[in-house]
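Peer 1: After the structure tokens below, expect a handful of questions from me.
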Amino acid sequence: MAAERDAAAGARCGICAMIERLAASEFPDAIAELPRSWLILGDAQFYRGYCVILAKRHVREMHALPRGEAHELLDELIAVGKAIERVTAPLKLNYECLGNQEPHVHWHVFPRYADDRMRLEPVWTRPLSERKTPLPESDRQALIAALRTELRTLLPAARIV
Ligand SMILES: [Zn+2]
């Protein structure tokens, strides 16, 4: 059965393991729990405001979600994009749903900025060492707080964690 196969795969999945830490309040970059997903601040803060949305259900593809759930997840993605735009005022947002390393539906949302000399390239072409720039702690906290403030308005069902 597909559900049993998903459950077995979930037991070995890095994203399912992250979700367990989020649910146990053991994840420092947690932003909010949404009805169909968890929202975290990503680790590539060269793109200040980069977030990742993790689907709560372990599925490999969007089409494997029940239809209503898939649409609700997309509504959450749209609200998160809007929140990031309001907080960071980027030139453009990049949405990516890849899953080559972790085949569990998750969306990367990257703000792209005008002063990025590689702004016409996909984010992944930038060397990992440059991408994975941490923010100063005060800025990290201010950014998370601002995103939460916007999310409360855009998605009242968001539970701030
Ligand atoms: Zn998983």
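Values quoted throughout were computed directly from the atomic coordinates according to the rules given, and no laboratory measurement underlies them. None of these values were measured; they are calculated from a predicted model. As a convention, Cβ positions derive from the backbone with ideal geometry for all residues, glycine included, and neighbour counts pool all protein chains shown.
Peer 1: Taking only Cα atoms of the chain, what ratio of Rg to Rh do you get with Rh as the Kirkwood inverse-distance radius? Please report the intermediate quantities before stating the final value.
Peer 2: Numbers: Rg = 15.5 Å, Rh = 16.2 Å.
The Rg/Rh ratio comes out at 0.96.
Peer 1: Next up: Using modelled amide H (1.01 Å from N, peptide plane; none on Pro or chain starts), what sits under 5 Å from the amide H of residue 94, excluding residues fewer than 5 places away?
Peer 2: Counting only residues 5 or more places away or on other chains, the set is 110, 112.
Peer 1: Would any residue of segment 31-48 have its amide N under 15 Å from a label point 7 Å out along Cα→Cβ of residue 118? List them or say none.
Peer 2: Inside the label zone: 44-48.
Peer 1: Return 47, 95 ranked ascending by Cβ neighbour count within 10 Å, so the fewest neighbours appear first. It would help to have the intermediate numbers written out before the result.
Peer 2: Values: 47 24, 95 13.
Ordered by Cβ neighbours within 10 Å, fewest first: 95, 47.
Peer 1: If I take R0 = 22 Å and measure r between the Cβ atoms of residue 64 and residue 100 in this structure, what FRET efficiency does the formula 1/(1 + (r/R0)^6) give, to the nearest 0.05?
Peer 2: Working: r = 16 Å, r/R0 = 0.74.
So, using R0 = 22 Å, E works out to roughly 0.85.
Peer 1: Order by neighbour count: 59, 123, fewest other Cβ atoms within 10 Å first, most last.
Peer 2: Working: 59 22, 123 18.
So the residues, fewest neighbours to most, are 123, 59.
Peer 1: Further question on the same structure: Remind me, relative contact order of the chain in percent, using alpha carbon pairs under 8 angstrom and six or more residues apart?
Peer 2: Working: 229 pairs, mean separation 45.4, N = 161.
Worked out over the chain, it gives 28 percent.
Peer 1: Using the count of nearby Cβ atoms within 10 Å as a rough guide to exposure, how do 63, 71 rank from fewest to most? Could the numbers behind the result be given before it?
Peer 2: On the way: 63 9, 71 13.
Least crowded to most crowded, the residues run 63, 71.
Peer 1: Multiplying the sequence separation of residue 82 and residue 159 by 0.36 nm and subtracting their Cα-Cα distance, what value in nm do you get?
Peer 2: Values: separation 77, 0.36 × 77 = 27.72 nm, distance 1.72 nm.
My answer for the length gained is 26.0 nm.
Peer 1: Nearest 500 deg cm²/dmol is fine: what mean residue ellipticity at 222 nm does the chain get from its DSSP H runs of n ≥ 4 alone, each adding -39,500 (n - 2.57), divided by its residue count? List each step's numbers first, then the result.
Peer 2: Working: 5 runs with 63 residues, N = 161.
Computed mean residue ellipticity for the chain: -12500 deg cm²/dmol.
Peer 1: Let me ask something additional. By the gyration tensor of its Cα atoms, with a ≥ b ≥ c the square roots of the eigenvalues, what is the shape of segment 50-112: rounded for a/c under 1.5, prolate for a/b over b/c, or oblate?
Peer 2: On the way: a/c = 2.90, a/b = 1.65, b/c = 1.76.
Cα axes put segment 50-112 in the oblate bin.
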